[in-house]
1. From the phi of every residue in segment B:390-404, what ³J(HN,Hα) in whole Hz does the Karplus formula 6.51 cos²θ - 1.76 cosθ + 1.60 yield, where θ is phi - 60° and glycine or proline is x?
2. Once every Cα of segment B:75-371 carries one equal point scatterer and solvent is ignored, give the base-10 log of I(q)/I(0) from the Debye formula at q = 0.09, 0.10, 0.11 Å⁻¹, two decimals.
3. Among the aspartates and glutamates, select those whose C-alpha is under 13 Å from the C-alpha of A:LYS111, and discard any that sit fewer than 8 residues away in the same chain.
4. Do any of B:LYS127/B:LYS441; A:LYS288/A:LYS320; A:LYS299/B:LYS127; A:LYS287/A:LYS345; A:LYS278/A:LYS404 go past 27 Å between their Cα atoms, and which?
5. Ranking B:MET190, B:MET230, A:MET279 by Cβ neighbours within 10 Å, fewest first, what do you get?
6. Where both partners of a DSSP beta bridge lie in segment A:74-452, what percent of those bridges are antiparallel, to the nearest 5?
7. Please give the Cα centre distance for segment A:430-461 versus segment B:386-434, rounded to the nearest Å.
8. Set Lys and Arg Cβ to +1 and Asp and Glu Cβ to -1, take the dipole of the protein assembly as shown about its Cα centre, and tell me which of B:SER331, B:ALA94, A:PRO318 lies farthest positive.
Amino acid sequence: MARSCSCKDFNRAALLRRGAAVAGKGLPNIEPGMPVPAGTGLDRRTFLLASAGAALSVYGASMLSPRHFEEGIAEASASSGPNQPVLVSIFMEGGWDALSVLAPVKETRYKELRPTLGLEEGSGVTFTEDETLMWHPSASGLAELHEEGKVTAFPAIGYEPQDESHFTSRHYWEVGQLDTNARTGWMGRYLDLVGEPGNPLQGLSLDYSLAPALATETMPVAAVSSPADYTMSAEGLYEPVLGPALETFGALGALAAPSPAFAQARGASYDTDLVLNKMADFVESEKKSGDKSAVPYPKGEFAERLAVLAAMLHTGMPIKCASLNAVGSYDTHSDEVDTLAANLKETVTAVVAFQRDLEGRGLDQRVLIQLWSEFGRRPRENGSGTDHGAGGNAFLIGSRASGKMVGEFPGLTKLDENENVVKTSDFRGMYCSLLEQWFQTEAGLVIPEAASFERPVLIKS
Amino acid sequence: MKVALTTKKHERAKEHEHDKRHKDKRRRKKHHHPKTVHRAKPHGTLGLALPVAPTTPPAPSPAPVPAVGSPPITLAQGRRLLWRAGFGPTPGQAEGLVGQPLEQVVFSLTRPAGAATLTGPEPVNEKGEPLDPYDVWGDDHCWWLDRMVRSDQQLVERMTFIFHDWFANSNEQVNSQRMMLEQNELFRSMCFGGFHDLFLAVTTNPAMLVFLDGIYNEKGNTNENYGREMMELFSLGADRGAYTQDDVHEMGRALTGWRAEWTESTGLQNFHYDPSYHDDGVKTIFGQSGNWNYEDAVRLCIENPLHASFFVTKLWGYFIPSEPSEATLASLQSLYVSSDYSIRAIVEAILQHPDFYEGPELVTPPVVYNAGLLRSIDRPIDTTSWAWLSANAGQQLFYPPNVSGWDFSSWLDTSTTRARWEMASSVTEKTYPNPWADAEKGESVYSATEEPAAALASAMAYWGNPLLSSESTQYITLFSETCPVGTSKTEWELSPYRAMRQNALRMLIATSPDMQVS
């Protein structure tokens, strides 16, 4: 956890900056209204790099070249680049009601258990792989992609014994094992295996904070709510002082940390500075290229984030795993009918737009979308809602998704001891298959007891 | 579990603010620098593992809880105490504690006399108008932030803050700032009493009855929401063998009977217990059968053999990041039960425990960080921007992300760290030297001769001379020495660049990793 104290490096960095500052008498001006010194014809960044290079040569060939950072990112881009698989994990928070998303409308038992919440037969599209099931009308977009063979459905996914706590169950899914003490996420452990130490974007939460599934042991990862907003300025602080100040802000993150809390604080500063540079690059290049999605996205923050994710992938940003929260909460103990319909609609519409955007940009062969929730809900309704249950829904969406249902829908006549849907597939099996078939990685290095889980076919061969 | 807050409106507010205040600013020019590759030791995201009550706790022990005794308090101890049991020191406050007996200082926090005194100007919004905490978005947050900044009963506010997280309700679902603030007052008034009383009061508190569906839980239609969370999150803990799914259901039955009325004009009101909605049958909870009601539900949780270890460990975790030793846990449990579940007794023991002073740092929560910065420069609440700034940093009061509260082990990532930078900048907004001040207009022009060391000293003094590690100080000093401040050939730069350096130093100190922990 402790970072090495690289005082020597810092002194060198400070010397480089000092050299740049002295030479900086001739810097091109960047503030409006200031006198313009004799221009060099170089923009500031090129100038700094060039001057750093000159200074470095004094210190010998063993030093890393100033281009190394950019090369590092280029390397990262190559290993996360055009041919590399990307997983976009979308969490339906609260435990979505699988019996409404894929409703067993043809079962008599369904009508008995859901006298007020049950969906009417014919009100949605029939699920073609099991005609007793019907897509929720708000999920018609998924039905459409399913018809195209781009949706792999898990009609009753879970684990045993099912824990009905949101936090415990979600935690199990996040960490990829039934261990309340596990601290790294399943995607985080994958990134620890294949990630790069200089690339926090490899695991990216498009959110105000980091998703636990991306928590790593050694590799940096990032949370960015919006690339365009990811800037740092301060009162009365401009160039040429702001740049060095932000560099120092990042440098403080590279120092040794005496405790885990301190390490968290230092690591966050370091990565924030890195991400700041990357987001500035991205926003600038977007402006220059005038890149715009050919696909209309719905309004809303979730859709905006998916749209920007598509654009970031399009520019070759070295993202391996991304994570987002779906619209709304699915913890529908009460007022289920309206809440579920609205949130599901907004989520599905945005996901379908994202898939179409990926197809339009030619990215669809290397991006897979995962929709998941911590559990399904109780078959017997409580009046206006449903309580926590067991077997639930998950979907994998993408042009390379197998399109073949994994595990059957077990029906409602035989429920488990808590009167919940019995699971017919295990989320850890899904993870193992994703690691092996999508990421080409040995599942046993990421998922404990990987050998004990059946591997469903998730990817078109 | 409930939904995360809607952030769109904060963003809009933010953009507006940003346009207004920063329109003269330029985007930062990028600086790619070789330092970025010199990362010998990569790091992950795991900062802390907060203490969790063990599955099989030690038996309660009457042995006294280890305590540091009552030596004269040191400056470092005083700072830690003020940051963890309050909202950071006001200028000179930590220095003023030095030498006093530690026990006396702790008691001054845990045994406040009478009503709190709020020193300084009343809180107002950016137009100078009084806050409207019941009706205006964000004014609720700022109303409480004001108490954190101004109250002389710092630990009362900190305990209220802890119980807001412990019994985390979000106005996202409660949808009544009035109800949330009434709950807030409940926490404040009961925070040093008995936990049994507090738990019972929370169980029938309107905000809680809405948030965890208590008013929708009725005979024949058991809603398990509160029954589960009252055991898992409030009193016993998950996965410890304290209860089963059957207990959850039976607990739900015992809790039936609470109702409220809804009217178009007032929303939910008249929360009351109506026996006709109560399930009168026999329930079996933790193996005990009876016609239990909500009072029994709370009592059975409190009397559960795994409650005491859960309570003391959870409370411990808000103050100390490392696990209590077996002996300490045993003694704390015994103290808790023998003191009739006294919250104050446990807080006093924790605040005098050697681990509190000698153990590792804690990451300071966003709201505490915000209040602490304001206290250190003696700035009252004169804007309501703190609500969205704090939301972006990961914590808007009255809007915890879900019923398990905020995750105190992972406050800092690349998004929330940037938000803390923005927050710190806003804290300085009324007192920063303007680089482009115009002497002819009578504006104060910054020194054109200030030396690097003096600049750093001035920036440290601005924040009340906080404690920084020697490593961080070394880097910040280097920045002060090397940052461009103009030359004799470009005289026009000398003052503005020095003003900028001063502002940069203030930002670097406030946003340093050192200032995020205590």
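Computed from the coordinates by the stated procedures, all read-outs in this text should not be read as laboratory data. All figures in this text were calculated on a predicted structure; none of them were measured in a lab. Positions of Cβ are generated from backbone atoms using ideal geometry, with glycine treated the same way; all protein chains shown enter the neighbour counts.
1. For segment B:390-404, the Karplus curve yields 6, 4, 5, 7, x, 7, 9, 4, 6, 9, x, x, 6, 5, 8 Hz.
2. -0.50, -0.61, -0.73
3. By straight Cα distance, A:LYS111 reaches A:GLU120, A:GLU121, A:GLU381.
4. On the way: B:LYS127/B:LYS441 25 Å; A:LYS288/A:LYS320 25 Å; A:LYS299/B:LYS127 32 Å; A:LYS287/A:LYS345 31 Å; A:LYS278/A:LYS404 38 Å.
In this structure, A:LYS299/B:LYS127; A:LYS287/A:LYS345; A:LYS278/A:LYS404 exceed 27 Å between Cα atoms.
5. Listed from fewest to most nearby Cβ atoms, that is B:MET190, A:MET279, B:MET230.
6. Expressed as a percentage, antiparallel bridges in segment A:74-452 total about 40.
7. Between the Cα centres of segment A:430-461 and segment B:386-434 lies a distance of 39 Å.
8. A:PRO318
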